[in-house]
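The values are calculated or read from the model by the stated rules, or taken from the named source; none is laboratory data. Small disclaimer: the values here were computed from a predicted structure and weren't measured. Every residue, glycine as well, gets a Cβ built from its backbone with ideal geometry; the counts of neighbours run over all protein chains shown. Heads up: the accessible areas ignore ligands, DNA and RNA and are worked out on the full protein's heavy atoms, side chains in. Shrake-Rupley method; radii C 1.70, N 1.55, O 1.52, S 1.80 Å.
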Amino acid sequence: MRRLTLLIATAGILFGCASNAPTHMALNPQLPAISAHTMAAKPIAIEMIDTRSANFVARFNHEGDAARLVSPSEAPRQQLDTVFRQGFSRAGYQIDPAATNHMQLQLEKLLTDVNETTFGYEASNDIIINVIASNSSQTFTKRYTARNTVSGPLSADFATLELAVNELLSDLTGKIINDPELNQFIQQ
């Protein structure tokens with residue numbers, strides 16, 4: 001009888017821990033290292049849009065169960081808009097909504113796909129941002145992608161997943177802001 005009580009108590013504790021899984025992921029992209037790209041404060045209009053078909057940023061797949069979806073704690077569009085505005089300002093551009101040079105940044109994909117098994121997990125992070133820059137006579141379009149994988153024993157550690165996706169976001173925003181091809185187009 002004592003063993004049965006101990007077994008039921010242990011199962012209850014494990015079930016309680018499993019049902020308290022986080023429902024939101026904290027995205028916090030940091031401003032990457034920026035190189036100055038222009039001597040004069042060139043005006044540019046920046047628009048960040050979210051073109052993803054779904055709002056979740058993480059999908060937990062566990063052998064045979066329905067996927068558990070996790071939403072961001074804040075809208076990624078707003079966070080990335082802030083990072084890009086600060087980054088391009090630091091690069092020497094003047095952010096002006098009425099500027100002739102216009103840049104639209106489209107968040108196409110931001111997903112952490114976690115596959116959990118009995119003995120561990122593997123999380124694939126995938127981010128795609130399309131940039132469409134235009135001036136009075138031309139248009140520049142480029143697709144930027146970033147991917148990484150995190151794995152470990154047992155179940156996925158939420159802090160590790162958040163850190164991996166935030167580092168990837170910071171790397172990709174830095175790649176976009178510091179892209180010599182994009183900056184050359186903006187300065188025309």
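Against the main long axis of the alpha-carbon atoms of the chain, helix 76-90 sits at an angle near 40°.
Less than 5 angstrom separates the built amide H of Leu27 from those of Ser73, Glu74, all sequence-distant by 5 or more or on a different chain. Quick check: the angle from helix 158-177's long axis to the longest principal axis of the chain, C-alpha only, nearest 10 degrees? Compared with the principal axis, the helix lies near 10 degrees. The label point for Glu47 and the one for Asp113, both projected 7 Å from the Cα toward the Cβ, are 3.1 nm apart. In the chain, the longest principal axis of the Cα atoms and the axis of helix 2-19 are about 10 degrees apart. For the chain, the Cβ-based charge dipole about the Cα centre amounts to some 120 debye (Lys, Arg positive; Asp, Glu negative; other atoms uncharged).
For the chain, carbon and sulfur atoms together expose 54% of the accessible surface, with a 1.4 angstrom probe and every protein chain in place.
Estimated from helices alone, the mean residue ellipticity of the chain at 222 nm is -10500 deg cm²/dmol (sum of -39500 (n - 2.57) over DSSP H runs with n ≥ 4, per residue). Compared with the alpha-carbon gap, the fully stretched path from Asn148 to Gln94 is longer by 16.1 nm at 0.36 nm per residue.
Entry note: segment 106-188 has Rg to Rh equal to 1.16, where both radii use alpha-carbon atoms and Rh is the Kirkwood radius. The coefficient of translational diffusion for segment 66-146, derived via Stokes-Einstein from the alpha carbon Kirkwood radius under 10 °C and 1.306 mPa s, stands at 103 µm²/s. Quick one: Debye curve from the C-alpha atoms of the chain, no solvent, what's log10 I(q)/I(0) at q = 0.08, 0.18, 0.19 Å⁻¹? Taken in order of the listed q values, log10 I(q)/I(0) reads -0.35, -1.13, -1.21.
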